[in-house]
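Engineer: Encoded as structure tokens, here's the structure I'll be asking about.
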Amino acid sequence: MQKQQSLFFNKELNEPLANRVRPKTLDEFAGQRHILEKGKMFRQMIEQDKVPSMIFWGPPGVGKTTLARIIAKKTKAEFVNFSAVSSGIKEIRDIMQQADNLRELGNRTIVFIDEIHRFNKAQQDAFLPYVEKGSIVLIGATTENPSFEVNSALLSRCKVFVLHPLKPEDITIVLANTLKSPDGFPNLSINIDDELLAIIASFANGDARIALNTLEMVVINSNREGNSINISKEIVSQCLGRKFLLYDKDREEHYNIISALHKSLRNSDVNAALYWTARMLEAGEDPLYIARRIVRFASEDIGIADSRALEITVAAYQACHFIGMPECNVILAHAVIYLALAPKSRAVDTAYGKAARDALESLAEPVPLQLRNAPTKLMKELGYGAGYQFDPGNKYNLTNMQCLPDSLVGKEYYFPSIFGDEAKAKEIADEIKKWQQRHKNINKNG
């Protein structure tokens with residue numbers, strides 16, 4: 001206890017580490033290079049103090065609030081910080097009236113709303129007229145899709161910037177800079193191997209705040225000798241609550257293990273598939289990465305043999321996005337078990353590969369006239385749409401109209417397997433093919 005008291009005796013150090021070392025300039029900011037590299041439009045707008053109304057959309061801990069604070073320091077405008085949790089309609093209207101008054105004097109007001117998705121429609125509507133007439137520049141930050149959480153009239157007047165989860169190397173830079181910062185652990189010498197910093201960065205799953213909180217916990221719980229703190233692998237392991245597995249999200253083992261999962265699923269080995277999934281998650285893999293890979297697997301290796309596989313994996317991805325780790329581990333396990341036990345077919349993947357090769361070789365082939373729309377009189381005179389056939393009285397709307405370009409007539413791509421639901425698809429495909437052969441030369445194209 002004495003160790004912790006001495007470490008945090010300074011009142012200022014009671015402030016969370018993430019706040020103490022928050023970057024103050026764009027050059028100090030790590031990550032989001034897609035918008036912050038020199039020459040990028042977003043960076044130029046900040047540097048030139050010509051910030052439009054905009055929304056920062058991204059997961060927690062990626063720099064949304066930090067960017068707003070950098071803009072606040074950079075701009076000559078009045079900067080107002082709103083909390084979506086504590087601000088009511090009356091407070092909003094009072095601030096908007098002050099902004100109106102400042103505009104008449106030739107001054108701008110930038111209003112930052114953290115967690116704008118927490119504002120209800122009435123609160124969001126209160127900003128709209130002031131954004132429309134230019135009394136304020138609105139900057140909102142949200143972890144939720146603004147298409148659903150910000151009303152459409154307000155959203156249409158804002159530029160949306162998507163912020164990505166930070167890469168492990170970005171978070172490692174954040175941690176290294178924190179150890180050097182006089183605001184991080186002042187008057188202390190922190191000794192920690194680069195390998196351990198990289199492990200903490202990987203554990204954070206793209207969230208700098210989690211990484212900094214973890215680092216702070218590690219420092220507090222490490223042995224101190226005078227002003228020197230030596231951080232051991234054991235302490236980091238205890239603070240992370242897991243042992244370090246042989247796994248590196250950016251190197252060969254990452255690809256080896258996702259390959260092991262994929263091939264275990266393909267082999268219908270439910271136990272191996274669960275093991276490799278757990279191996280990745282417990283080593284700190286982004287659950288959304290695993291979810292994306294199994295969505296692909298659902299169509300590539302199962303396809304129409306069990307179309308529910310795609311529905312379940314997409315639902316798993318969405319659920320992982322909503323609740324994150326560790327709660328989403330059972331959701332991924334649910335999806336992986338389903339995929340492992342589902343009937344397998346690569347017919348969809350094979351069919352697309354064949355079609356893609358022909359498409360690339362025949363890009364100049366014109367669309368047959370009978371398949372073209374004819375919205376104008378000239379198009380009709382040129383024969384667009386002539387010969388189009390449609391038979392709603394037929395079980396499958398079948399006609400003998402030619403739908404492929406001339407050079408590809410007769411080509412077949414999809415060959416259903418006999419497994420799962422695809423056996424039924426094969427029956428239908430065979431039935432359609434027999435009908436087409438019987439009617440091949442009867443009133444072709446009308």
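Engineer: Taking a probe of 1.4 Å, how large is the accessible area per residue of the chain, in Å²?
Structural biologist: In whole numbers, the chain has 55 Å² accessible per residue.
Engineer: Of all accessible surface on the chain at a 1.4 Å probe, what whole percent is carbon and sulfur?
Structural biologist: With neighbouring chains kept in place, the figure for the chain is 52 percent.
Engineer: OK, next. Find, among the trypsin sites (Lys or Arg not before Pro) in segment 96-153, those assigned to loop by DSSP (not H, G, I, E, B) with at most 16 other beta-carbon atoms within 10 angstrom.
Structural biologist: 133
Engineer: A further question on this structure: Rounded to the nearest 0.05, what FRET efficiency do residue 193 and residue 254 have when you use their Cβ-Cβ distance and R0 = 22 Å? List each step's numbers first, then the result.
Structural biologist: On the way: r = 21 Å, r/R0 = 0.95.
Efficiency computed from Cβ-Cβ geometry: 0.55.
Engineer: Taking the simple approach of a point 7 Å from Cα along Cα-to-Cβ for both residue 437 and residue 408, what is their distance in nm?
Structural biologist: Those two pseudo-labels are separated by 2.3 nm.
Engineer: How big is the accessible area of residue 276 in square angstrom, nearest 10, if you roll a 1.4 angstrom probe over the protein chains?
Structural biologist: The accessible area of residue 276 comes to roughly 60 Å².
Engineer: Taking just the alpha-carbon atoms of segment 56-196, what radius of gyration and Dmax come out, in angstrom?
Structural biologist: 18.3, 57
Engineer: Still on this structure, I have one more. Can you give me the solvent accessible area of residue 28 with a 1.4 Å probe, rounded to the nearest 10 Å²?
Structural biologist: 100 Å²
Engineer: Oh, and also: Report the charge-dipole magnitude of segment 85-235 in Debye, nearest 20, computed about the Cα centre from +1 at each Lys and Arg Cβ and -1 at each Asp and Glu Cβ.
Structural biologist: Roughly 560 debye for segment 85-235.
Engineer: If you project the alpha carbons of segment 307-377 onto their three principal axes, what span does each projection cover, largest first, in Å?
Structural biologist: 59, 31, 19
Engineer: If you don't mind, another one. So if R0 is 51 Å, what FRET efficiency would residue 180 and residue 269 give, r being the distance between their Cβ atoms, rounded to the nearest 0.05?
Structural biologist: E(calc), rounded to 0.05, equals 0.60.
Engineer: Now a separate question. Could you tell me whether segment 28-129 comes out rounded, prolate or oblate from its Cα gyration tensor? Rule is a ≥ b ≥ c as square roots of the eigenvalues, rounded for a/c under 1.5, then prolate if a/b exceeds b/c, otherwise oblate. Kindly include the intermediate steps, with their values, before the conclusion.
Structural biologist: Working: a/c = 2.42, a/b = 1.36, b/c = 1.79.
Taking the square roots of the gyration eigenvalues as a ≥ b ≥ c, segment 28-129 is oblate.
Engineer: Sticking with this structure for a sec: Given only helices, namely DSSP H runs of n ≥ 4 each adding -39500 (n - 2.57), what is the per-residue ellipticity at 222 nm of the chain, to the nearest 500 deg cm²/dmol?
Structural biologist: Calculated at 222 nm, the ellipticity per residue is -14500 deg cm²/dmol.
Engineer: For segment 365-443, what percent of Cα pairs sit more than 18 Å apart? Show your work: numbers first, answer last.
Structural biologist: Numbers: 1707 of 3081 pairs.
Roughly 55 percent, once rounded to a whole number.
Engineer: Pop a pseudo-label 7 angstrom from the Cα along the beta-carbon direction at both residue 418 and residue 389 and give the gap in nm to one decimal.
Structural biologist: So the label points at residue 418 and residue 389 sit 3.2 nm apart.
Engineer: Another question, then. Post the alpha-carbon centroid distance, segment 397-414 to segment 24-87, in whole angstrom.
Structural biologist: Each part's Cα centre sits 54 Å from the other's.
Engineer: Stokes-Einstein at 37 °C, 0.692 mPa s, Kirkwood radius from Cα pairs: D for segment 249-388 in µm² s⁻¹?
Structural biologist: 188 µm²/s
Engineer: Ok, one more. If the viscosity is 0.692 mPa s and the temperature 37 °C, what Stokes-Einstein diffusion coefficient in µm²/s follows for the chain when Rh is the Kirkwood radius over Cα pairs? The partial results should precede the final answer.
Structural biologist: Values: Rh = 27.0 Å.
Result for D is 122 µm²/s.
Engineer: Could you tell me which of 288, 147, 204 has its Cα farthest along the dipole of the chain towards the positive end, charges placed at Cβ (Lys, Arg +1; Asp, Glu -1), taken about the Cα centre?
Structural biologist: Checking the options against the dipole of the chain, the answer is 147.
Engineer: Assign unit charges at the C-beta atoms only (+1 for Lys and Arg, -1 for Asp and Glu), then state the dipole size of segment 147-234 relative to its Cα centre in Debye, rounded to the nearest 20. Provide the component values of the computation, followed by the final result.
Structural biologist: On the way: 7 positive and 11 negative charges, 84 e Å.
Rounded to the nearest 20 debye, it is 400 debye.
Engineer: Continuing with the same structure: Express the Stokes-Einstein translational diffusion coefficient of segment 148-289 in µm² s⁻¹, to the nearest whole number, given a Kirkwood radius over alpha-carbon pairs, 25 °C and a viscosity of 0.890 mPa s.
Structural biologist: 140 µm²/s
Engineer: Let me ask another. Modelled label-to-label distance, residue 373 and residue 100, 7 Å Cα→beta-carbon offset: nm?
Structural biologist: 4.5 nm
Engineer: Any number yet on Rg/Rh for segment 93-144, C-alpha, Kirkwood?
Structural biologist: 0.99
Engineer: Could you tell me what fraction of 2.2 N^0.38 Å the Cα radius of gyration of segment 308-443 comes to, as a two-decimal ratio?
Structural biologist: 1.48
Engineer: What is the magnitude of the charge dipole of the chain about its Cα centre, with +1 placed on the Cβ of each Lys and Arg, -1 on the Cβ of each Asp and Glu, and no other charges, expressed in debye to the nearest 20?
Structural biologist: The calculated dipole for the chain is roughly 940 debye.
Engineer: Right, here's the next one. By how many nm would the segment from residue 381 to residue 232 lengthen if fully extended, with 0.36 nm per residue of separation less the alpha-carbon distance?
Structural biologist: Numbers: separation 149, 0.36 × 149 = 53.64 nm, distance 8.10 nm.
Full extension of this stretch gives 45.5 nm more.
Engineer: Provide the FRET efficiency to the nearest 0.05 for the residue 128-residue 365 pair, computing r from the beta carbons and using R0 = 51 Å.
Structural biologist: E between residue 128 and residue 365, to the nearest 0.05, is 0.55.
The values are calculated or read from the model by the stated rules, or taken from the named source; none is laboratory data. Here the structure is a predicted model, which is why all the values come from computation and not from measurement. Please note: Cβ atoms are built from the backbone with ideal geometry, for glycine as well, and neighbour counts cover all protein chains shown. The accessibility values were calculated without ligands, DNA or RNA, using every heavy atom of the protein model including side chains. Shrake-Rupley method; radii C 1.70, N 1.55, O 1.52, S 1.80 Å.
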